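What follows draws every value from the coordinates through simple rules; no lab data is involved. Just so you know, these numbers come straight off a predicted model, no measurement behind them. FYI the Cβ positions are ideal-geometry reconstructions off the backbone, even for glycines, and counts take in every protein chain you see.
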Amino acid sequence: MSDLMVSGQVIAPVTPFNAKGELMVEHFGEIVRWHLDCGVGGFLVAGDNGEAWALTADELGRVTRTAIEEVKGRVPVFVGASAITAANSIALAGVAADAGADGLCLQPQSYVLNGTTAEIVGRIQAVHKAVPLPILLYNHPGRTGLNMTPDILDALCGAVPVVGLKEASNDFVQLTRIIERFADRFAVLTGPAHYIIPAMELGAAGYISTGPELLGAGAGRILETAAMTTAERRHLHCTITDAFTAVQFIGTRPAGIKAALVMLGLPAGLPREPVLALSPDDEARLRDALVRCGILDEAVPRRRAS
C-alpha cells in the first residue's frame, strides 16, 4: 500500500485555451502557482475542470510536466488517465507517469453505461499493473453512467493501492456509508460543495470541488469549521454552495469556473470545443452571483477571456 497522503482542498485546475483552441501552457503554470499560493493539499490535473476529454496525449504530458515543475514536490499531483478502454487508459497513464505524476485518477469506463464489479476492477487493475502508481478513484455516475458502490470500492481496495476517492455521486447517504466504511483506509474526498462541511464533520479527509477555490486563501477556513459558531459554519456552507451552483449551472461546465477565474484576474482562457464560453448575459449572471457570495467586489469591472 502506498504511503502517499492526500487531504484538504485538492484542486482540479482548469486548462487554459485561447480563442483558436490552442493550449496556453504558460498560463496553466500561472494558475497552478496561484492555487499553491492560496494553500492546497494537492492537485488533480486533467480532471473535469481540466477538460481531460479534450486533451491530446502530448498536451496531457505538457500540463502534467508544468504542474510537477511548479509544485516541486510540495503536494501530490494526480493526473486523470481515464478512457473507455483499459488500453487507452494505460497509454494516458504512461504519459502521465513519464511526465512525473505522483498518482493516477481513474474512473470506471464511460459510454458503455454498464459494468460488473469484475469488469471495473479488472480495468483498473490492468492500468495499475502497466503503470504502478498510487490511485485516486473518481466516482461520478453522471459522467460514466456507473456508480462505484461501497462493495465495488472494497473490491478495488483489495486489488490496487487506493489512496483516495473523489465521491461525486450526489448521494449523501452513499457518501455517509463510504466515510463510515473507508475513512480509515483511504482519503474520502467529496465533490459537490454542498456536502463538504457535513462530510468533513463525519470524517472525510477533504474535497475536490468547484467553487470553493474562488475564495482564494480564504478557502482555508473550510478546514477550520470545528472552531466556528453554528452561524459562521452555516454562512460558509451557504457561500460555497452558492458559488458551486453558480459556476456549475451557468453555461456548460467548465465554462463557468473559467469565466469566474478570469473575473478574478487569472488567465483561465476559454473552454475548448464542443463547450462554448459564457454569453455576455450569462457572464453578467455569474458575476452577480459571485458578488452576492462576496467573492467579487461590485466595483470590479467585468472582464472577458481572450
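Of note:
- Extended-chain gain in nm, criterion 0.36 nm per residue less alpha-carbon gap, Met228 and Tyr111: 37.8 nm
- The Cα-based radius of gyration of region 70-151, divided by its Kirkwood radius, gives an Rg/Rh of 0.98.
- Between Glu69 and Arg33, the distance separating the two model label sites (each 7 Å from Cα on the Cα→Cβ line) works out to 1.2 nm.
- Relative contact order, percent, the chain [alpha-carbon distance under 8 Å, six or more residues apart]: 18 percent
- Among Ile84, Ile178, the order by Cβ neighbours within 10 angstrom, fewest to most, reads Ile84, Ile178.
- With 0.36 nm allotted per residue and the present C-alpha distance subtracted, the Ala284-Asp297 stretch has 3.3 nm of extension available.
- Inter-label distance for Asp184 and Glu273, nm, one decimal - labels placed 7 Å from Cα along Cα-to-Cβ: 5.4 nm
- Rounded if a/c under 1.5, otherwise prolate or oblate - region 8-227, Cα gyration tensor axes: oblate
- Net lengthening on full extension, Asp3/Thr149 (0.36 nm per residue, minus Cα-Cα): 50.1 nm
- Likely footprinting exposure, Glu298, Glu224, fewest C-beta neighbours within 10 Å first: Glu298, Glu224
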